1. Is it the case that some residue within the stretch 198-207 is within 19 Å of Val316 (Cα to Cα), out of contact with any Leu (no Cβ under 7 Å at 6 or more places or on another chain) and surrounded by 13 or more Cβ atoms within 10 Å (Cβ to Cβ)?
2. Pull out all pairs, ordered by first then second residue, where Cβ-Cβ is under 8 Å, the residues are six or more apart or on different chains, the first lies in the stretch 213-229 and is within 24 Å of Ile280 (Cβ to Cβ), and the second is of a type in the set (S, T, N, Q) and buried (at least 17 other Cβ atoms within 10 Å of the Cβ).
3. Give me the residue from the stretch 320-339 that is among the polar types (S, T, N, Q) and in a loop (DSSP other than H, G, I, E, B) and, out of that set, farthest from Ile160 (Cα to Cα).
4. Among the listed residues Leu62, Leu16, Leu9, Leu79, which satisfies the condition of being on the phi < 0 side of the Ramachandran plot and in contact (Cβ under 8 Å) with a residue 60 or more places away in the chain?
5. Among the numbered criteria (1) more than 21 Å from the chain's Cα centre (by Cα); (2) without any contact (Cβ under 8 Å) to a residue 60 or more places away in the chain, which one does Lys251 miss?
6. For the stretch 259-313, what are the residues that are of a type in the set (Gly, Ala, Ser) and either at pLDDT below 95 or surrounded by 18 or more Cβ atoms within 10 Å (Cβ to Cβ) (or both)?
7. Please find, within the stretch 181-235, the residue that is farthest from Lys247 (Cα to Cα) out of those that are among the polar types (S, T, N, Q) and modelled with pLDDT of 95 or more.
Amino acid sequence: MDGVGDYTLSLASECLELGLHTEVIGMRDRFVGVSGFASKEEKVGSKVKTIRYKNAFDAESLENFKKDVVDRNPDWISLQFVGYGFHPKGVVYDLADKLVRVVRDRKVHIMLHELWIGESTEYSLKDRLVGFVQKRGVIRLIKKLNPTVLHTSNSAYKLILERNGISALELPLFGNILVSKNPEFQEFYALMKSYGVNFDSDSKKNFVLVGFFGTIHPGWDPSAFFSQLGKHQKMSGNKPVLIAIGKKGRKGEKIWEDISNRFGEKFVFINFGQQRAEIISLVMQILDLGVCTTPWALCGKSGTAAAMVDHGLPVVFVRDEWCLRRGITPSPAPNPLFSKLDIHFAERLNEGLKRRSPNHRLPSIARRFVKDLSI
């Protein structure tokens, strides 16, 4: 699965815990099948029954897809929407016509994990033209499906939708990494030692552990962050150790390689790569700081930040160039664990960024989801 796929399965599992019969259908799942025109997989033995189509809308699969929905006769259909999941350029103009035949007269919920590009000042004219086509598809989808409830994850997207005559509620993201109870930090110490860093409970005070989890955005210019990290090192004498864990993506791997080469003389870089969820949770519970390359204005849409918050980890957002082309860009919902990179960040880091007790927010967010749907 991918990030939104993991999110959907986790939310469905929690809805089951709340007593709601819930199943998941993947309409465009690139992980299904190694060959063939109309691959389909079903998984019944796990907590949530899943039906996964390589492409639910091709000629062979569409009738089966419609039958899967009709057979289940759901009271609600929840569309977890990411435009690029349906089309490589995020163009979904014909998706509304396909889905409306499946949904029919059922209650519909839509979670807009993404909107369309081009709303911020950073985009070129070409990108804005692409965004215009994407926007027509998304708005057409919303109007055709006529959702009873529409969610998005951040105040900037909510405002953009309102400017287009669409009312949306904010639903915070939860992290996709379950918080491990009573983590064995000795396992982390051994992992660090395998990378040549002698680190234990006594020496921890001599280091500042900085974590990157998941995708690193190619739009990030790392200079300002590493300048502040260098200032902190001079003030505190602590050695910064930068740890990457999870899938960084092809571009993210190249960025990690570049910053490791560029700043490797001053700081320690360790790439743990993909690890099981228990190890990721363990690492997040011992880090001093998490780094997120999602723009500050869109921090609510970051699954990386959500996972770090669930683990009580302070998060610094190292990009702040995203702002709306029209009007004031709304501030994100306040969070005491979030801070924005600025010229005073080294001082704040030196004073000590406060952690919170780990708390996986999935149950509370699922309850809020169910309440908004009035189920």
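The values are calculated or read from the model by the stated rules, or taken from the named source; none is laboratory data. All of these numbers come straight from a predicted model, not from anything done at the bench. Heads up, the Cβs are rebuilt from the backbone with ideal geometry, glycines too, and the neighbour counts pull from every protein chain shown.
1. Looking for residues that are within 19 Å of Val316 (Cα to Cα), out of contact with any Leu (no Cβ under 7 Å at 6 or more places or on another chain) and surrounded by 13 or more Cβ atoms within 10 Å (Cβ to Cβ), one finds at least one in the stretch 198-207, hence yes.
2. Phe213/Thr304; Gly214/Thr304; Thr215/Thr293; Thr215/Thr304; Ile216/Thr293; His217/Thr293; His217/Thr294; Trp220/Thr293
3. Initially, the stretch 320-339 is screened for residues among the polar types (S, T, N, Q), giving 329, 331, 335, 339.
From what's left, in a loop (DSSP other than H, G, I, E, B): 329, 331, 335.
Numbers: Thr329: 10, Ser331: 13, Asn335: 22 Å.
Ranking the candidates gives Asn335 first.
4. So the residue among Leu62, Leu16, Leu9, Leu79 that is on the phi < 0 side of the Ramachandran plot and in contact (Cβ under 8 Å) with a residue 60 or more places away in the chain is Leu79.
5. It fails just one condition, (1).
6. Correct list: Gly264, Gly273, Ala277, Ser281, Gly290, Ala297, Gly300, Ser302, Gly303, Ala305, Ala306, Ala307.
7. Gln233
Yes or no, residue by residue, for (1) modelled with pLDDT under 85; (2) of a type in the set (D, E, K, R); (3) assigned by TED's automatic domain parsing to the domain that holds Phe65; (4) within 21 Å of Glu63 (Cα to Cα):
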site: Thr8; (1), (2), (3), (4): no, no, yes, no
site: Leu11; (1), (2), (3), (4): no, no, yes, no
site: Val24; (1), (2), (3), (4): no, no, yes, yes
site: Met27; (1), (2), (3), (4): no, no, yes, yes
site: Ser35; (1), (2), (3), (4): yes, no, yes, yes
site: Ser39; (1), (2), (3), (4): yes, no, yes, yes
site: Glu42; (1), (2), (3), (4): yes, yes, yes, yes
site: Ser46; (1), (2), (3), (4): yes, no, yes, no
